[in-house]
Amino acid sequence: MRVLISNDDGIYAEGIGALRKAMEEVADEVYVVAPDRERSACGHGITVTRPLRAKVHKFKSGHAKGWVVDGTPADCVKLGLEAILDHKPDLVVSGINLGPNLGTDVLYSGTVSAAFEGVINHVPAVAVSLAAWENLDYSVAANFMKEFIPKMLAYPLEPGVLLNINVPWDYDGRGVRITRLARRRYVNVFDKRVDPRGQIYFWMAGEPHNLDEDDLETDAAAVKQGYISITPLNLDLTDYSFRKKMAGWLPTK
C-alpha cells in the first residue's frame, strides 16, 4: 500500500508526526508532502500568482519520504500527485488535525481540502482530526487510523467521496458513529479592538454553536457524546432535489 500524507498544521506539527508513524506500520510506502508552516482555515486555496518551492525533508526515524512546501494544503497534495511522486498512491490521508473539523467547518478546513484534492485527482482520501485544543494526545487517533485504514481499503470508496473523521480527545472505546454534518455557525465572531495609535482592528475568534447538537446523527453531537465520528463527504455539491424544482421556474428547450 502506498499512502500520501498532508495536513494544514504544517510538516512540523505533532499530529502529522503521529499519523506518519502509524501509517508506516501498515503501508509499504509512505510519502509526506506538507506545508512549511500552519495553514489552518485556508480552505481549498491554491497558489497561482507565484512559483511553489518544495524541499526534501528527512525524518529522524521511519521509512517515510518527505517534502516541505511553501504553499497551501491543496497545493501540497496537487504537487505530490502531479509532480513529486513517481507512482499514484492508493490513498491520501490528511491530518491529524489539531482541533475538530465538524459541520460547516469542513468548508474552511485546509485539512479536509487536502483530502478533497486527492478525490479530485481520483485517489481515495480520508481527513482525520483530534477534537481537542488542549490535553493533546494524538495516540488514540493515530492507533484508530492504523486499524481503520486497512479495513476501509477492503471496501472501496465511491468516486467523489471522502471520509471526514473526528476523534474525541478523551475517547474511551465507546465506538464509532457514521454521521452527517451538523448545522454549525459561530457567535461573537469578531473581537473589536483599538491599537496604540487609535486605529480600530478586528480579531476573528468566535464560539461554535451547533443548531442540532442533540441529534446523534450529526458529527458534532456524536463527538460530544464521546464517539468517533465518520462522515462521508461528496465532492458534488449539487442539490439534486432543488434542481428538479428549479426546472419548473424557467422555460426549457
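Just a few scattered comments:
- Checking region 113-132 against the condition returns no match, with no residue being surrounded by fewer than 21 Cβ atoms within 10 Å (Cβ to Cβ), of a type in the set (S, T, N, Q) and more than 18 Å from the chain's Cα centre (by Cα).
- Members of region 226-241 that are more than 20 Å from Ala142 (Cα to Cα) and either open to solvent by less than 10 Å² (accessible area, probe 1.4 Å) or outside any helix (DSSP H, G or I) (or both): Leu233, Asn234, Leu235, Asp236, Leu237, Thr238, Asp239
- Restricting attention to region 159-205 and to residues that are of a type in the set (A, V, I, L, M) and not in a strand (DSSP E or B), the residue that is nearest to Ser94 (Cα to Cα) turns out to be Leu181.
- Residue in region 11-19 that is out of contact with any helix residue (DSSP H, G or I) (no Cβ under 7 Å at 6 or more places or on another chain), surrounded by fewer than 24 Cβ atoms within 10 Å (Cβ to Cβ) and hydroxyl-bearing (Ser, Thr, Tyr) present: yes
- Check on Tyr171, of a type in the set (Ser, Thr, Tyr), open to solvent by less than 50 Å² (accessible area, probe 1.4 Å) and over 28 Å from Thr238 (Cα atoms): no
- Top-ranked residue in region 83-112 [being surrounded by fewer than 20 Cβ atoms within 10 Å (Cβ to Cβ) and over 12 Å from the mean Cα position of the chain (by Cα); ranked as modelled with the lowest pLDDT]: Thr104
- Against the list (1) over 25 Å from Cys42 (Cβ atoms); (2) at pLDDT 95 or above, the condition Met145 fails is (1).
- Filtered by the rule that a residue be in contact with a Gly (Cβ under 8 Å, 6 or more places away or on another chain) and either outside any strand (DSSP E or B) or open to solvent by 20 Å² or more (accessible area, probe 1.4 Å) (or both), region 20-43 gives Arg20, Lys21, Glu24, Tyr31, Asp36, Arg37, Glu38, Arg39, Ser40, Ala41, Cys42, Gly43.
- The strands (runs of 3 or more DSSP E) located wholly in region 48-102 that include 1 or more residues which are within 30 Å of Leu216 (Cα to Cα) occupy 91-98.
- Leading residue by the ranking (nearest to Ala220 (Cα to Cα)) among those in region 141-156 that are surrounded by 14 or more Cβ atoms within 10 Å (Cβ to Cβ) and in contact (Cβ under 8 Å) with a residue 60 or more places away in the chain: Ala141
- Selection status of Arg37, at pLDDT 95 or above, out of contact with any helix residue (DSSP H, G or I) (no Cβ under 6 Å at 6 or more places or on another chain), closer than 21 Å to Phe144 by Cα and charged (D, E, K, R): no
- Scan of region 107-146 for residues that are β-branched (Val, Ile, Thr) and either assigned to a strand (DSSP E or B) or closer than 19 Å to Pro159 by Cα (or both), ordered by number: Val112, Val119, Ile120, Val123, Val126, Val128
- Condition check for Glu207: under 23 Å from Val140 (Cα atoms), acidic (Asp, Glu) and either surrounded by fewer than 19 Cβ atoms within 10 Å (Cβ to Cβ) or at pLDDT 95 or above (or both): no
The values are calculated or read from the model by the stated rules, or taken from the named source; none is laboratory data. All of these numbers come straight from a predicted model, not from anything done at the bench. Cβ: placed from backbone, ideal geometry, glycine included. Neighbour counts: every protein chain shown. These accessible areas exclude ligands, DNA and RNA; they are computed on the full protein's heavy atoms, side chains included. Shrake-Rupley method; radii C 1.70, N 1.55, O 1.52, S 1.80 Å.
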